[in-house]
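Peer 1: Please find one structure pasted underneath; my questions will follow.
The values are calculated or read from the model by the stated rules, or taken from the named source; none is laboratory data. Owing to the predicted nature of the structure, the values given are computational and were not obtained by experimental measurement. Glycine gets a Cβ as well: all are built from the backbone with ideal geometry, and neighbour counts include every protein chain shown.
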Amino acid sequence: MKRFVFALALVPLVALAEDEVTLHFDSAPHSEEIAATYSLAITIEGTDQTTNFVRSMHPLLSLNWLRLEIEGTHKVQGKKHKTEHEDVRVKVRYDDDDYEYDWKKGEPPEDLAKNKLTQMIWAIAMTPRGYELTSHGHYKSDDPNQDANGEALDLYLNGVTRLKKDAVSLGESWTQEWKGERSEKGKKAKWAFTQVVKLEKFEEEDGHKRAVLTSKLTGVLEGDDDKSAEEKWTRCSGETRLRLDVATGFVHEQGGKGVITAYYRNTGDDGTKNEVTIKTAVEGKRIIRK
């Protein structure tokens, strides 16, 4: 009888051991076909003079929204990753006008050399994306011109998730904090990120165990010393989702959604109020095609 009771007492410990894993991202060389959807939307609200000035700063700020449906390839070589878009379906609203494109890699549109809008959207949709990803989720884009906002948007679009170096159990959460590496040209402000990750569940498929991880990812842009502003801040908030092979670290699905909100307010020399809020929202999902 005592042996039976002892055996029963071991059951929870065995179950716990099976639900405890040490996670990592793979680095073995490989390449696979992917399908992905990405969307981007920009809204600008505030006083007329200020919003008009903001829109005049860059053509991208007249973009209402953009959606990409992509088929392509993803390659891994150590911590180096590269994604190439082979076929892209584009839907875009720019300055309140709608456009649609069907593009293939290596087949630029006929008006690319002359049409500024086509040039901008082609660059967004068709430029290969490279980045570094360490075994525990430290991410850095290969784009030397990336600014702080681009860095934050990448994290949401790619579902970048910081993994715990120690073993974790089903249902466990952990918090990671880090400083961003990018800043706007000529400025010093960088992100302070906080990510709360949870091991939501395990899935079994084709004899493989996969971990489903979700997270809440927030950030505050620190070090902005704009003396002209009475109030100014930039924050980001969103979530990510990741499906990861427990044994190999192979990513089967990744993505997320988030919003960067930038606020500015001051009073002009003539007493006029200047105020603007810029919201940049993104959502992305990438899966491995079987």
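Peer 1: Could you tell me which residue of region 30-53 is farthest from the chain's Cα centre (by Cα), considering only residues that are buried (at least 17 other Cβ atoms within 10 Å of the Cβ) and part of a helix (DSSP H, G or I)?
Peer 2: Across region 30-53, the extreme among qualifying residues is 50.
Peer 1: Here's another thing I want to ask about it. Can you tell me which residues in region 62-110 are over 18 Å from residue 250 (Cα atoms), of a type in the set (Ser, Thr, Tyr) and either free of Cβ contacts under 8 Å to residues at least 24 places away in the same chain or in a strand (DSSP E or B) (or both)?
Peer 2: 94, 99, 101
Peer 1: Answer with yes or no whether residue 49 is touching a Pro at 6+ places or on another chain (Cβ under 6 Å) and of a type in the set (S, T, N, Q).
Peer 2: The answer is no for residue 49.
Peer 1: I'm checking my understanding of the structure. Among residues of region 214-240 that are over 16 Å from residue 190 (Cα atoms) and surrounded by 14 or more Cβ atoms within 10 Å (Cβ to Cβ), which one is modelled with the lowest pLDDT? If you could, list the steps in order and put the result at the bottom.
Peer 2: Here is the first cut: in region 214-240, the residues over 16 Å from residue 190 (Cα atoms) are 214-216, 227-231, 238-240.
Now drop any that are not surrounded by 14 or more Cβ atoms within 10 Å (Cβ to Cβ), which leaves 214-216, 229, 238-240.
On the way: 214: 98, 215: 98, 216: 98, 229: 88, 238: 98, 239: 98, 240: 98.
Taking the candidates together, the pick is 229.
Peer 1: I'd like to verify a number: residues in region 41-58 that are within 16 Å of residue 149 (Cα to Cα) and of a type outside the set (A, V, I, L, M), how many?
Peer 2: 2
Peer 1: Here is a follow-up. Just name the residue that is surrounded by the fewest Cβ atoms within 10 Å (Cβ to Cβ) out of those in region 158-189 that are under 20 Å from the mean Cα position of the chain (by Cα) and more than 21 Å from residue 134 (Cα to Cα).
Peer 2: Per the stated criteria, the residue is 184.
Peer 1: Another one. How about region 193-290: which strands (runs of 3 or more DSSP E) wholly inside it have at least 3 residues that are of a type in the set (Asp, Glu) and in contact (Cβ under 8 Å) with a residue 24 or more places away in the chain? Spell out the reasoning first.
Peer 2: On the way: elements: 208-222, 231-245, 251-267, 273-288.
Fully inside region 193-290 and qualifying: 231-245.
Peer 1: Within the group 104, 80, which residue is touching a Leu at 6+ places or on another chain (Cβ under 9 Å), modelled with pLDDT of 95 or more and closer than 30 Å to residue 27 by Cα?
Peer 2: Details: 104 fails: touching a Leu at 6+ places or on another chain (Cβ under 9 Å).
On inspection, the qualifying residue turns out to be 80.
Peer 1: A follow-up question, please. Would you call residue 126 out of contact with any Cys (no Cβ under 8 Å at 6 or more places or on another chain), touching a residue at least 40 places away in the same chain (Cβ under 8 Å) and more than 27 Å from residue 27 (Cα to Cα)?
Peer 2: no
Peer 1: Check off (1) in a loop (DSSP other than H, G, I, E, B); (2) under 19 Å from the mean Cα position of the chain (by Cα) for residue 132 and give me the number that stays unchecked.
Peer 2: (1) is the only condition that residue 132 fails.
Peer 1: Also, quick follow-up: Out of the residues in region 54-69 that are exposed (fewer than 14 other Cβ atoms within 10 Å of the Cβ) and of a type outside the set (A, V, I, L, M), state the one that is nearest to the chain's Cα centre (by Cα).
Peer 2: Of everything passing the filter in region 54-69, 58 is nearest to the chain's Cα centre (by Cα).
Peer 1: Among (1) at pLDDT below 95; (2) touching a strand residue (DSSP E or B) at 6+ places or on another chain (Cβ under 7 Å); (3) basic (Lys, Arg), which single condition is residue 243 missing?
Peer 2: All conditions pass for residue 243, except number (1).
Peer 1: What are the residue pairs meeting all of these: first residue in region 36-53, first residue under 25 Å from residue 74 (Cβ atoms), second residue assigned to a strand (DSSP E or B) and basic (Lys, Arg), Cβ atoms under 7 Å, and 6 or more apart or on different chains?
Peer 2: Between residues of region 36-53 that are under 25 Å from residue 74 (Cβ atoms) and residues that are assigned to a strand (DSSP E or B) and basic (Lys, Arg), the close pairs are 36/285; 36/286; 37/285; 39/67.
Peer 1: Would you check if there is a residue in region 83-90 being crowded, with 16+ Cβ neighbours inside 10 Å, over 21 Å from the mean Cα position of the chain (by Cα) and among the polar types (S, T, N, Q)?
Peer 2: Looking through region 83-90, none of the residues is crowded, with 16+ Cβ neighbours inside 10 Å, over 21 Å from the mean Cα position of the chain (by Cα) and among the polar types (S, T, N, Q).
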